[in-house]
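The values are calculated or read from the model by the stated rules, or taken from the named source; none is laboratory data. Small disclaimer: the values here were computed from a predicted structure and weren't measured. FYI the Cβ positions are ideal-geometry reconstructions off the backbone, even for glycines, and counts take in every protein chain you see. The area values use the complete protein model at the heavy-atom level, side chains included, leaving out ligands, DNA and RNA. Shrake-Rupley method; radii C 1.70, N 1.55, O 1.52, S 1.80 Å.
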Amino acid sequence: MSESVRRYVIIGNGFAGTTCAEQLRKIDAAASIIMFADEPYPLYNRIALPPMLRKQVTEAKVIIRDVAWHEKHTIDLRLSTRVDAINHEGKTVIAGGKEYPYDALLVATGGRPNPSEFPGAAGASNIYNFQYMSDTKAISESLETAKTAVSVGGSFIAYELAEAFVSRGVQTHWLIRGPRFLRRMLDEISGELLDEAARADGCTIHYNDEVKEFVRSNGVVTKVITTQGTEIAADCVGIGLGLTINTELVHGTPIEVGTGIKCDDRLETAVKGIFAAGDAAEFYDPTADMHYRMGTWNNAGAHGKVAAANMAGGDVRYHDVPEYSSKIFSEQTITQFGLSPEYRNDLTMVRSIEPEKKWYRALWFREDKLVGGLLIGKGNRAGKRRYLDAIKAKTPFAESEREALLHWHADQ
Ligand SMILES: Cc1cc2nc3c(=O)[nH]c(=O)nc-3n(C[C@H](O)[C@H](O)[C@H](O)COP(=O)(O)OP(=O)(O)OC[C@H]3O[C@@H](n4cnc5c(N)ncnc54)[C@H](O)[C@@H]3O)c2cc1C
């Protein structure tokens, strides 16, 4: 290899890592690009795992980049190969006992799901997390014969599990430790709307309750006993108790770790030449003027692009308002953008509810600036573009002007 060929190494082949590889190849046709993946699959669409579990899409449709695509773009994809260490001084990564030198390195390692640690959980064969393709296949097989299933947790993943159980015709219970789903973001009113949607689809939610113990027979959970004393028969248990971010590779380097791998708005860490992206990155957002982590598909892709530009010597800033949308059971949809009380506890709020339409809006302000919002209800997303523009532009709003923003029902 010629001395002038630039060497890029990417750890993690999720949407952040693979987008970065694709972008690097566009920028530099001659560069060496090695991407390590500890899973056995090329890029699959993680957000299509719930529809796959509901049997609405096939595995073939969920895999969005095949091995041939990597070969065509001369991206050296090392599947089932875990990176064990980064030598930031020698500028190499170590995998399978070999050292791979880099000129620029991306750490896009995402997170791993927290396991259930309730009594009776260890080693049970029918308790599942829901993060990987392999989890999806295992849960799907279990649902072929399950009659009753329990989802545990107040997170989006616990919701996706509950919804999949319902849609597969399995009697579904959902245990939420707090008073509502997404309790740090939703209030009582919005929580009630989503509760209605769950009940309309036949899902039973148990609030302020959690697992006390799993009762097992021959290593298989047969029953969940809750802290409130309810006993629920269970053939399949899904766990949605959050992620532990895969930051271990940068421990022992000067790179700071907070809720994720700390980086600036160019996604570069404190060690020059090492970048972070996607779920693993705690990035600086100049719009919000703070560091935070954002676990969404669009954010991972946008990070991949910005990281690639900067790894190749550019100076591109990540300047976007993160957002995501999801349907909630068959009756509801939720759209969230920017910051919410999940990220800061010093935000003020205005909100509106239209009960007949089952619509809810909340807008959050930090001092006089709009910083985020939540739109619940089918057909209640119009106006979102204006909000995003106002957040990006840091438009100031006096207190007296804020209620009127709730009536932005068109994008201009
Ligand atoms: C079931 C589910 C549903 C979701 N639904 C939505 C949705 O509706 N909307 C939305 O916006 N987001 C959703 N998300 C979140 C979204 O999928 C993630 O934010 C996004 O995929 C993160 O991409 P990433 O590339 O940062 O990380 P990941 O996709 O987590 O990729 C990181 C990869 O790195 C690998 N890795 C880790 N350590 C190493 C190592 N040492 N060596 C080699 N490889 C390593 C991991 O195994 C993994 O394959 C969902 C997630 C899940 C699990």
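Table for the structure above
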{"quantity": "Within a Gaussian network of the chain (alpha carbon springs, distance under 10 Å), most fluctuating of PHE165, PHE365, PHE15", "calculated": "PHE365"}
{"quantity": "Equivalent ellipsoid semi-axes - Cα gyration tensor, the stretch 114-239, angstrom", "calculated": "22, 16, 13"}
{"quantity": "Whole-angstrom gap from the stretch 283-339 to the stretch 204-226, using each part's C-alpha centre", "calculated": "36"}
{"quantity": "Accessible area expressed per residue, the chain, with surrounding protein chains retained (probe 1.4 Å, Å²)", "calculated": "44"}
{"quantity": "Rounded percent of accessible protein surface that carbon and sulfur make up, the stretch 114-239, 1.4 Å probe", "calculated": "46"}
{"quantity": "Selected from TYR100, TYR324, VAL62, residue furthest toward positive end of dipole (the chain; charges at beta carbon)", "calculated": "VAL62"}
{"quantity": "Whole-angstrom gap from the stretch 118-147 to the stretch 382-412, using each part's C-alpha centre", "calculated": "43"}
{"quantity": "Placed amide H near GLY372: partners under 5 Å, 5+ positions off or other chain", "calculated": "LEU339, TRP364"}
{"quantity": "Bins of 10 Å from zero: percent of alpha-carbon pairs in the chain", "calculated": "5, 21, 27, 26, 17, 4, 0"}
{"quantity": "Within the stretch 114-239: Cβ-based charge dipole about Cα centre, in debye rounded to nearest 20 (Lys, Arg +1; Asp, Glu -1)", "calculated": "260"}
{"quantity": "Neighbour-limited loop hits for trypsin sites (Lys or Arg not before Pro), the stretch 7-61 (at most 12 other Cβ within 10 Å; DSSP other than H, G, I, E, B)", "calculated": "LYS55"}
{"quantity": "Cα convex hull volume per residue for the stretch 260-313 (Å³)", "calculated": "67"}
{"quantity": "Mean shadow area of the stretch 148-199 over all directions, Cα convex hull, nm²", "calculated": "3.2"}
{"quantity": "Square roots of 5 times each gyration tensor eigenvalue, C-alpha, the stretch 85-172, largest first, Å", "calculated": "38, 14, 13"}
{"quantity": "The stretch 266-412, accessible surface, carbon-and-sulfur percent (1.4 angstrom probe)", "calculated": "49"}
{"quantity": "222 nm mean residue ellipticity, helices alone, for the chain (DSSP H n ≥ 4; -39,500 (n - 2.57); rounded to 500)", "calculated": "-6500 deg cm²/dmol"}
{"quantity": "Globularity ratio of the stretch 282-347, using Cα Rg and 2.2 N^0.38 Å", "calculated": "1.31"}
